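The values are calculated or read from the model by the stated rules, or taken from the named source; none is laboratory data. The shown structure was predicted, so the numbers you read here are calculated from the model rather than taken from an experiment. When we count neighbours, we look across all protein chains shown, and the Cβ atoms used for this are built from the backbone with ideal geometry, even at glycine.
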């Protein structure tokens, strides 16, 4: 059920928000109305399209692209709980004050706003001797339909659990949307290089999609010159997300 949310004046002058397209910004605000009181929404572009744009000629692919912008700007993060994926508004507690909150979806990992999220999205060294930064901790709450968002209702802080590469790891819709928005191509070649390197070095990650996106950004497949390997710039922090 949609809920009334607050929009602070700072939203309109946020540099972090301004990095996104106009439609992505509108999607961000609309997402607040359909999140639960913990700032969580199922990671389902078709559902969000139906909720936000029932009378507009937008596709769920358009919504996926705008969500990818918001993820790239660190305004939301994606996490997994009990096999389901969710989006979480990273600065939720800073700009939404809710009395008697009630949560419909699993709570995000306690470190979803932490350095572990920032590091996988930030530029880092491509030194082959060091595995790239770990991804977002996708170990969410084991329970669904949480009745309260109070600290007592949550389980103990989740720990990051790195996993071996899934045997069926492939290019997800999340990665496709992100790559299209960022202008990256040749995903098949990137995937081949990523899987080969991870298998050879036995890399383990919490979030394999995020690790793959970082490998594309770092150009593990060596498809770009060094001067073009880091297309994204600095993201400023403010109350609406978890920038740097």
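Among the residues of the range 98-117, write down those that are over 15 Å from residue 36 (Cβ atoms) and either buried (at least 23 other Cβ atoms within 10 Å of the Cβ) or at pLDDT 75 or above (or both).
The first filter runs over the range 98-117 and keeps only residues over 15 Å from residue 36 (Cβ atoms), leaving 109-111, 113-117.
Residues satisfying the conditions are 109, 117.
Give the residue, chosen from 59, 6, 21, 64, that is closer than 17 Å to residue 96 by Cα and modelled with pLDDT under 95. Even if it seems obvious, please write down each step before you answer.
Numbers: 59 fails: closer than 17 Å to residue 96 by Cα; 21 fails: closer than 17 Å to residue 96 by Cα; 64 fails: closer than 17 Å to residue 96 by Cα.
Of the residues listed, the single one that is closer than 17 Å to residue 96 by Cα and modelled with pLDDT under 95 is 6.
Test residue 93 against the criterion of being crowded, with 22+ Cβ neighbours inside 10 Å and modelled with pLDDT under 85, and give yes or no.
no
Is it true that some residue in the range 31-49 is surrounded by fewer than 16 Cβ atoms within 10 Å (Cβ to Cβ), at negative phi and touching a helix residue (DSSP H, G or I) at 6+ places or on another chain (Cβ under 6 Å)?
Among the residues of the range 31-49, at least one is surrounded by fewer than 16 Cβ atoms within 10 Å (Cβ to Cβ), at negative phi and touching a helix residue (DSSP H, G or I) at 6+ places or on another chain (Cβ under 6 Å), which makes the answer yes.
Across the range 150-186, what is the total count of residues that are modelled with pLDDT of 85 or more, over 19 Å from the mean Cα position of the chain (by Cα) and surrounded by 15 or more Cβ atoms within 10 Å (Cβ to Cβ)?
Of the residues in that region, 1 qualify.
Suppose the filter is closer than 26 Å to residue 29 by Cβ, at pLDDT below 90 and part of a helix (DSSP H, G or I); does residue 120 pass it?
Details: closer than 26 Å to residue 29 by Cβ: yes; at pLDDT below 90: yes; part of a helix (DSSP H, G or I): yes.
The answer is yes for residue 120.
Within the range 208-239, track down each residue that is crowded, with 17+ Cβ neighbours inside 10 Å, touching a helix residue (DSSP H, G or I) at 6+ places or on another chain (Cβ under 7 Å), modelled with pLDDT of 60 or more and outside any helix (DSSP H, G or I).
220, 221 - these are the residues of the range 208-239 that are crowded, with 17+ Cβ neighbours inside 10 Å, touching a helix residue (DSSP H, G or I) at 6+ places or on another chain (Cβ under 7 Å), modelled with pLDDT of 60 or more and outside any helix (DSSP H, G or I).
Output the residues belonging to the range 188-207 that are touching a helix residue (DSSP H, G or I) at 6+ places or on another chain (Cβ under 9 Å) and not in a helix (DSSP H, G or I).
203, 204, 205, 206, 207
Among the residues of the range 8-38, which ones are in contact (Cβ under 8 Å) with a residue 60 or more places away in the chain and either farther than 24 Å from residue 105 by Cβ or not in a helix (DSSP H, G or I) (or both)?
Once the filter is applied, which keeps residues that are in contact (Cβ under 8 Å) with a residue 60 or more places away in the chain and either farther than 24 Å from residue 105 by Cβ or not in a helix (DSSP H, G or I) (or both), the range 8-38 yields 8, 10, 14, 15, 16, 19, 36, 37, 38.
Would you check if residue 194 is surrounded by 16 or more Cβ atoms within 10 Å (Cβ to Cβ) and within 23 Å of residue 61 (Cα to Cα)?
No, not satisfied.
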